[in-house]
Amino acid sequence: MPEILIRNADLVLTMDDERQELEKADLLMRDGQIARIGQGLTTSGESHDATGCVVIPGLVNTHHHLYQTLTRAVPGGQDALLFGWLQTLYPIWARFGPEEMFVSAQIGLAELALSGCTLSSDHLYLYPNGARLDDTIHAAAELGLRFHPTRGAMSIGESDGGLPPDALVEPETTILEDMIRVVDTHHDPSEGAMCRVGLAPCSPFSVSRNLMRDAALLARDKGVMLHTHLAENDEDIAYSQAQFGCRPGQYAEELDWTGPDVWHAHCVKLDGSEIDLFARTRTGVAHCPCSNCRLGSGIAPIRTMRDRGVQVGLGVDGSASNDSSNLVAEARQAMLLQRVANGANAMSAREALEIATRGGADVLNRPDCGRLMPGKRADIAIWDIAGIENSGSWDPAALLLAGPTRVKHLFVEGRQIVRDGQITTIDLPKTIERQNRLARALMQ
Ligand SMILES: [Zn+2]
């Protein structure tokens, strides 16, 4: 791949080990990696003038349900708590198929890209009418985003005391066989990988203890990561106490669902001993502040988690509970929400940006991403700070205090995915039209 040079950026926020912020700096990409960062760099290849811009590592999204971009702002689900919200949406999701999965994933990923995201995970836990994880993997490959899809699952339907309708659950043998298939087909463990697959039973209230344990064994055997929802709200804690006689953290520990190869979404209700467990075992957390606000779940103790050494990344969560996939806006929300709970000095804009970049990359075990350093992947978000949002700003590094929330240029593995605020790899207006057509059909 030819070289690309970013010239003369007002500021480069490296998120390297010293958290260096370089003024009037250049950045050279070669073969999908960052080759050099400094001043006076030259190239015979393509070059972009970044005067008036701030350059940061691409943002990392650690939790999403991309298929839900087809069910944003659904009446009946707009004002409900988690369990009631799920019960409104399950019958609609039961009508999805492969096309819905592909198009909704492309829309969600394009929206993420426009908000500065270069690497996203996804949690797909229902497979109606022939839908497969492969549908979303193809969507990401076409768009050009780095992708960590997880093979989710639900196996306990209403008739067995679970929350989802029976039509949306799968037999556990089918689930395990498909987990093996998608890992063998799509998982790439190598450095710089564009696709890594994880295993992700939906939540303790929609799968059996056996499936949780089998998924953990299979993940260790295959060398892939584990992901699920945990301790999201008070209902979730009450379910755990009633069904398993323990708190979610204990349940996770018992089933071998802790460790550096595991990350849990939400964790709003973790108590002090569960936070210590996560820190000790290097278990990761996907913090989803907008979703937690939208569903009234509470404020996750992110300040305490970070202070005790828990690895934390950010997630926009599904678009039925956010309802946006704007990751830079999510970072701002994370910063604001910790301040509501703990005071104005609880989280700086720089710390929130660190969680959104390097933090997320570490949660997903991607030390090759999330920082701008020679030898790391060329995943780069460039923000125009010459516009109205930043006019009058005294500190362009404090991007989250002012904006903008739409990226100017975005590179993934050295390939330009967004140019001047427009997606380059797919016909976005056509995809939006297709998405709206599918949404109208679902409404009927
Ligand atoms: Zn979720």
Residues satisfying the stated conditions in segment 9-25, i.e. surrounded by 18 or more Cβ atoms within 10 Å (Cβ to Cβ) and in a strand (DSSP E or B): A9, D10, L11, V12, L13, L22, A25
- prompt: Does T173 meet the test of being among the polar types (S, T, N, Q), over 18 Å from the mean Cα position of the chain (by Cα) and assigned by TED's automatic domain parsing to the domain that holds S319?
  reply: yes
task: Determine, yes or no, whether M212 is away from the ligand (no atom under 16 Å from the Cβ) and out of contact with any Pro (no Cβ under 8 Å at 6 or more places or on another chain).
output: no
statement: Restricting segment 111-121 to residues that are part of a helix (DSSP H, G or I) and crowded, with 24+ Cβ neighbours inside 10 Å, the one farthest from the chain's Cα centre (by Cα) turns out to be A113
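Per-residue answers, yes or no, for (1) away from the ligand (no atom under 16 Å from the Cβ); (2) touching a Gly at 6+ places or on another chain (Cβ under 8 Å); (3) in a loop (DSSP other than H, G, I, E, B):
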site: V103; (1), (2), (3): yes, no, no
site: Q106; (1), (2), (3): yes, no, no
site: H123; (1), (2), (3): no, yes, no
site: L126; (1), (2), (3): no, yes, yes
site: A140; (1), (2), (3): yes, no, no
site: F147; (1), (2), (3): yes, no, no
statement: Restricting attention to segment 29-55, the residues that are under 14 Å from R377 (Cβ atoms) and either surrounded by fewer than 17 Cβ atoms within 10 Å (Cβ to Cβ) or out of contact with any Pro (no Cβ under 9 Å at 6 or more places or on another chain) (or both) number exactly 3
Residue selected from segment 296-315 under the condition more than 17 Å from the chain's Cα centre (by Cα) and not in a loop (DSSP other than H, G, I, E, B), by the criterion nearest to the ligand (Cβ to nearest atom): M305
field: Yes/no for R72 being surrounded by fewer than 22 Cβ atoms within 10 Å (Cβ to Cβ), away from the ligand (no atom under 16 Å from the Cβ) and basic (K, R)
entry: no
- prompt: Could you count how many residues in segment 278-295 are farther than 13 Å from G249 by Cα and within 16 Å of the ligand (Cβ to nearest atom)?
  reply: 10
task: Filter segment 168-203 down to the residues that are surrounded by 13 or more Cβ atoms within 10 Å (Cβ to Cβ) and touching a Gly at 6+ places or on another chain (Cβ under 8 Å), then identify the one that is farthest from V224 (Cα to Cα).
output: L168
message: So I388 ticks every box in (1) surrounded by fewer than 17 Cβ atoms within 10 Å (Cβ to Cβ); (2) closer than 18 Å to R19 by Cβ but one. Which box is left unticked?
response: (2)
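Would you mind finding the one in L442, L401, L428 that is touching a residue at least 40 places away in the same chain (Cβ under 8 Å), over 22 Å from A331 (Cα atoms) and surrounded by fewer than 17 Cβ atoms within 10 Å (Cβ to Cβ)?
Result: L442 is the single residue among L442, L401, L428 that is touching a residue at least 40 places away in the same chain (Cβ under 8 Å), over 22 Å from A331 (Cα atoms) and surrounded by fewer than 17 Cβ atoms within 10 Å (Cβ to Cβ).
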statement: Given (1) within 25 Å of R339 (Cβ to Cβ); (2) within 16 Å of the ligand (Cβ to nearest atom); (3) in a helix (DSSP H, G or I), E235 misses just (1)
- prompt: Does P248 qualify as being in contact (Cβ under 8 Å) with a residue 24 or more places away in the chain and surrounded by fewer than 16 Cβ atoms within 10 Å (Cβ to Cβ)?
  reply: no
- request: Output the residue which, of all residues in segment 316-326 that are within 15 Å of the ligand (Cβ to nearest atom) and not acidic (D, E), is farthest from A349 (Cα to Cα).
  value: A320
query: When you go through (1) assigned to a loop (DSSP other than H, G, I, E, B); (2) within 13 Å of H229 (Cβ to Cβ); (3) β-branched (V, I, T) one by one for V285, which number turns out not to apply?
result: (1)
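Looking at segment 370-414, which of its residues are charged (D, E, K, R), modelled with pLDDT of 95 or more and touching a helix residue (DSSP H, G or I) at 6+ places or on another chain (Cβ under 7 Å)?
So in segment 370-414, the residues charged (D, E, K, R) come out as 371, 376-377, 379, 384, 389, 395, 406, 408, 413.
Add one more test, that the residue is modelled with pLDDT of 95 or more, and what stays is 371, 376-377, 379, 384, 406, 408, 413.
Within segment 370-414, R371, R406 qualify.
Restricting attention to segment 368-375, does a residue exist that is closer than 22 Å to K24 by Cα, in contact with a Cys (Cβ under 9 Å, 6 or more places away or on another chain), surrounded by fewer than 16 Cβ atoms within 10 Å (Cβ to Cβ) and in contact (Cβ under 8 Å) with a residue 40 or more places away in the chain? Break it down stepwise before answering.
Of the residues in segment 368-375, the ones closer than 22 Å to K24 by Cα are 370-375.
Going one step further and asking which of them are in contact with a Cys (Cβ under 9 Å, 6 or more places away or on another chain), we end up with none.
The answer is no, given that none of the residues of segment 368-375 is closer than 22 Å to K24 by Cα, in contact with a Cys (Cβ under 9 Å, 6 or more places away or on another chain), surrounded by fewer than 16 Cβ atoms within 10 Å (Cβ to Cβ) and in contact (Cβ under 8 Å) with a residue 40 or more places away in the chain.
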field: Test: D184 is in the same structural domain as D256 (by TED's automatic domain parsing) and not in a loop (DSSP other than H, G, I, E, B)
entry: yes
message: Scan segment 254-267 and tell me whether some residue there is part of a helix (DSSP H, G or I), under 21 Å from the mean Cα position of the chain (by Cα) and either within 16 Å of the ligand (Cβ to nearest atom) or at pLDDT below 95 (or both).
response: no
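Hey, does segment 270-290 have a residue that's out of contact with any helix residue (DSSP H, G or I) (no Cβ under 9 Å at 6 or more places or on another chain) and either more than 16 Å from T62 (Cβ to Cβ) or aromatic (F, W, Y) (or both)?
Going through segment 270-290, the residues out of contact with any helix residue (DSSP H, G or I) (no Cβ under 9 Å at 6 or more places or on another chain) turn out to be 276, 280, 282.
From what's left, either more than 16 Å from T62 (Cβ to Cβ) or aromatic (F, W, Y) (or both): 276, 280.
Yes, segment 270-290 has at least one match.
The values are calculated or read from the model by the stated rules, or taken from the named source; none is laboratory data. Because the structure is a prediction, the values reported are computed rather than measured. With ideal geometry, Cβ positions are generated from the backbone for all residues, glycine too; neighbour counts draw on all protein chains shown.
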